[in-house]
Amino acid sequence: MYRSILFSLLILFATMSFAGRGPTHKSLRAYAMGNAFVAVAEDKEAVYYNPAGLNLINKLGNFETNPEMGYYARKLLDMRLNVGVSLPLSQAQEAYSIGTDIQKVYKSIDMDKMDNRALLDTVEAHIDILDRMLFFDKLPINISSKFDAELALPHFGGAIWVDGGVAPYIESGIITPGAGIDTVYIDAVIQGAVGFGIGENLSLGLGYKMAKREYISDLTVSLLEWEDARDTLMAETDRIIRDASKISTIGHALEFGAMYQIHREVRLGASLRNLFVKKLGKENITPNLTTGIAYSPRFLQRNTGLARKVNLAFDYEDVFNNERNYKFMSHINFGGEFEQVILAVPNWPALRFLKVRGSLGFKGGYPTAGFALEALRLAEIEFATWAEEAGYYTGAEENRYWVFQVSIGI
């Protein structure tokens with residue numbers, strides 16, 4: 001029973017894996033604007049992106065005592081429970097259909113009585129299946145899911161979150177077509193952070209993270225040998241169950257952040273995240289150093305009942321990542337967001353009934369976009385799309401995610 005439950009979770013909680021990278025929380029607000037967020041983070045997302053931002057919670061809206069902090073709606077408490085999923089249903093259904101059609105063709109052949117030439121003739125007789133399969137050749141079908149429980153208030157924040165995924169693909173072969181899974185993994189994380197100010201304009205932050213990573217390495221199997229694939233996956237599930245209770249496989253990391261408010265419209269930010277004091281499982285994790293700048297044009301902000309927030313940002317992300325140093329654009333993130341309260345009690349920013357947010361950006365050379373709708377400050381629906389590089393250079397091969405998330409909280 002436990003094997004079946006864990007096996008199901010492995011398939012549910014999914015995302016692409018990068019060797020040597022630490023756990024990466026996917027904030028839909030941040031990813032929608034290109035993940036350029038290290039100088040923007042002024043809410044609960046500061047726990048993940050820049051702990052120094054926790055010092056800005058509620059300050060940004062208090063224009064009377066902090067005139068250089070800009071115009072924002074004040075909020076003393078930010079608590080959310082989020083569930084998100086990325087499931088390309090049309091691609092997944094078509095890939096499954098191709099796989100079952102291929103199996104039917106091969107099961108109709110008496111392999112002991114046919115040579116390769118006869119087999120090729122049979123495959124050519126079903127050229128429509130071959131054409132469909134070539135379109136999906138080694139195309140990862142990204143299935144991902146996330147769960148977050150998060151809390152933030154001025155100077156303090158914490159979160160428990162799970163992120164994981166799987167990217168199955170079809171490998172077209174004339175004689176023996178196959179299928180593969182590109183590293184299923186789950187990251188489970190508990191983290192907390194504090195932020196404090198030095199003077200009027202400088203904010204500093206410190207965070208601590210405990211993480212557990214479990215994964216199944218790349219698996220390739222013939223479409224005619226599903227039983228072998230299932231046995232392999234179940235064997236890996238047994239290994240994960242045995243390793244789950246091992247304290248030695250838990251990773252511990254420190255995180256640092258800084259923000260400097262140049263004036264009410266421009267803020268600089270920098271964060272050093274995933275500074276693991278030992279290996280995470282069996283991996284040496286490269287720390288993520290990111291620097292950035294945010295611009296919040298004063299003439300566009302409104303701190304009335306119909307509050308408005310506009311942010312433009314630019315980040316140079318993951319400075320120490322040697323794997324992608326030769327891909328300059330893979331480090332560049334930039335974008336913007338426009339947030340507007342469209343139904344509220346006049347002159348009471350805290351009593352908003354309906355708020356919308358739209359975002360656009362570029363992350364690592366690929367466009368991003370997002371939309372969010374919040375009702376009564378209690379429930380929020382978010383959508384975001386972004387892409388990760390799967391090839392050998394920026395722009396070579398796009399793995400695009402389309403993620404929907406539902407949040408409840410205060």
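Listed by first and then second residue, the pairs with beta-carbon distance under 8 Å, at least 6 apart or on different chains, first residue in the range 271-293 and over 24 Å from residue 33 (Cβ atoms), second outside any strand (DSSP E or B) and of a type in the set (A, V, I, L, M), are 276/285; 279/285; 283/19.
For residues in the range 158-179 being of a type outside the set (A, V, I, L, M, F, W, C) and closer than 30 Å to residue 192 by Cα, which is modelled with the highest pLDDT?
Applying the first criterion (of a type outside the set (A, V, I, L, M, F, W, C)) to the range 158-179 yields 158, 163-165, 168-169, 171-173, 176-178.
From the residues that got through so far, the ones that are closer than 30 Å to residue 192 by Cα too are 158, 163-165.
On the way: 158: 95, 163: 87, 164: 80, 165: 76.
My answer is 158.
Screening 137, 182 for residues that are of a type in the set (Asp, Glu), in contact with a Ser or Thr (Cβ under 6 Å, 6 or more places away or on another chain), modelled with pLDDT under 75 and farther than 28 Å from residue 42 by Cβ leaves exactly one candidate, 137. Apart from one condition, residue 190 fits all of (1) at pLDDT 85 or above; (2) surrounded by 21 or more Cβ atoms within 10 Å (Cβ to Cβ); (3) of a type in the set (Val, Ile, Thr); the exception is (2). How many of the residues in the range 282-318 are farther than 24 Å from residue 264 by Cα and surrounded by fewer than 18 Cβ atoms within 10 Å (Cβ to Cβ)? Selection size over the range 282-318: 3. The residues on offer are 342, 332, and the sole one that is at pLDDT 90 or above, surrounded by fewer than 20 Cβ atoms within 10 Å (Cβ to Cβ) and more than 25 Å from residue 189 (Cα to Cα) is 332.
State whether the residues of the range 212-222 include one that is among the polar types (S, T, N, Q) and either closer than 19 Å to residue 46 by Cβ or at pLDDT 85 or above (or both). First the steps, then the outcome.
Applying the first criterion (among the polar types (S, T, N, Q)) to the range 212-222 yields 217, 220, 222.
Next, only the ones that are either closer than 19 Å to residue 46 by Cβ or at pLDDT 85 or above (or both) stay: none.
Looking for residues that are among the polar types (S, T, N, Q) and either closer than 19 Å to residue 46 by Cβ or at pLDDT 85 or above (or both), one finds none in the range 212-222, hence no.
The values are calculated or read from the model by the stated rules, or taken from the named source; none is laboratory data. Everything numeric in this text was worked out from a predicted model, so none of it was measured. Cβ sites come from the backbone with ideal geometry, for glycine too, and all protein chains shown count toward neighbours.
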